[in-house]
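Trainee: I'd like to ask you about the structure that follows.
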Amino acid sequence: MVPGQIMLDVQKTVENVLLEGLLKLGLITDINSAWQRNLYLVHGYYHYIGLDIHDCYTYLSRETSTKKYEPGMIMTMEPGLYFPASLLDKKPLAAHAITEDEFDEFIKQTRTNFERYINIGVRIEDDILITKTGNTILSNAVPKEIEAIEEMMK
């Protein structure tokens with residue numbers, strides 16, 4: 001998130017990083033499969049912070065496909081992944097182009113890996129000020145590592 005960068009490009013970058021991780025963990029089999037993307041990528045990963053918590057544009061609006069970051073903007077960056085127990089129980093509507101056999105093969109290849117994460121979800125947020133030369137992470141002092149979060153909760 002730097003001045004001059006197109007907002008939607010950031011969304012795509014975050015999605016690609018998450019998908020590469022999901023592929024490495026064996027939770028998807030094809031990084032380019034739209035329906036597999038839709039299983040896990042369920043929301044946008046940034047929004048404005050201003051007078052209202054979700055100011056201005058939604059992350060997939062026409063404006064964000066051309067809108068560039070400018071100094072003085074304050075944005076969130078909040079990637080998240082969720083693994084509800086029922087996620088793989090039935091073929092999702094987004095997978096209409098594949099057969100039941102293809103979906104069953106996907107389940108066979110990913111179910112064991114998925115079971116390690118059932119009912120876990122994580123969403124980590126940073127609040128970012130766009131500056132003239134880059135950005136400043138305003139929430140830098142907030143703990144994000146498991147051990148630090150657990151220590152803070154004591």
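Trainee: 7 Å from Cα along Cα→Cβ at both Y82 and T112: what's the point-to-point distance in nm?
Mentor: 2.9
Trainee: Right, here's the next one. Among (1) 27; (2) 36; (3) 17, only one was calculated for this model; which label is it, if the read-out is percent of Cα pairs over 27 Å apart?
Mentor: Computed from these coordinates, percent of Cα pairs over 27 Å apart corresponds to label (2).
Trainee: Answer with one residue from L22, L93, N113: the one whose Cα lies farthest towards the positive end of the charge dipole of region 7-153, charges on Cβ with Lys, Arg +1 and Asp, Glu -1.
Mentor: With unit charges placed on the Cβ atoms, the residue in question is L93.
Trainee: Which of rounded, prolate, oblate describes region 104-150, given a ≥ b ≥ c as roots of the alpha-carbon gyration tensor eigenvalues and a/c under 1.5 marking rounded, otherwise prolate only if a/b is larger than b/c?
Mentor: In terms of gyration-tensor shape, oblate.
Trainee: On to the next question. Take each uninterrupted DSSP H stretch in the chain, measure its Cα extent along the helix axis, and return the ones at 20 Å or beyond whose mean Kyte-Doolittle hydropathy is at least -0.5.
Mentor: TM-like helix candidates: 7-24.
Trainee: OK, next. Work out Dmax and Rg for region 67-116 from the C-alpha atoms and quote the Rg first, both in angstrom.
Mentor: 17.7, 52
Trainee: If I take R0 = 35 Å and measure r between the Cβ atoms of E105 and T13 in this structure, what FRET efficiency does the formula 1/(1 + (r/R0)^6) give, to the nearest 0.05?
Mentor: Numbers: r = 30 Å, r/R0 = 0.86.
My answer for the efficiency is 0.70.
Trainee: Applying the Karplus parametrisation 6.51 cos²θ - 1.76 cosθ + 1.60 with θ = phi - 60° to the phi angles of region 39-45, what ³J(HN,Hα) value in whole Hz is obtained for each residue in order, glycine and proline being reported as x?
Mentor: So the J values, rounded to whole Hz, are 4, 10, 9, 10, 7, x, 10.
Trainee: Using only DSSP helix segments of four residues or longer, with each worth -39500 (n - 2.57), what per-residue ellipticity at 222 nm results for the chain after dividing by its residue count and rounding to 500?
Mentor: That calculation yields -10000 deg cm²/dmol at 222 nm.
Trainee: Turning to a different aspect of this structure: So, in nm, how far is label V142 from label I120 when the simple model puts each one 7 Å beyond its Cα toward the Cβ?
Mentor: A separation of 2.1 nm, rounded to one decimal place.
Trainee: Taking the Cα atoms of region 74-154 alone, what are Rg (to one decimal) and Dmax (as a whole number) in Å?
Mentor: In order Rg, Dmax, the Cα atoms of region 74-154 give 18.8, 53 Å.
We did not get these values from a lab; they are worked out from the coordinates using the rules stated. It should be emphasised that the depicted structure is a prediction, and the values quoted were computed from it without experimental measurement. Glycine also receives a Cβ, built like all others from the backbone with ideal geometry; neighbour counts cover every protein chain displayed.
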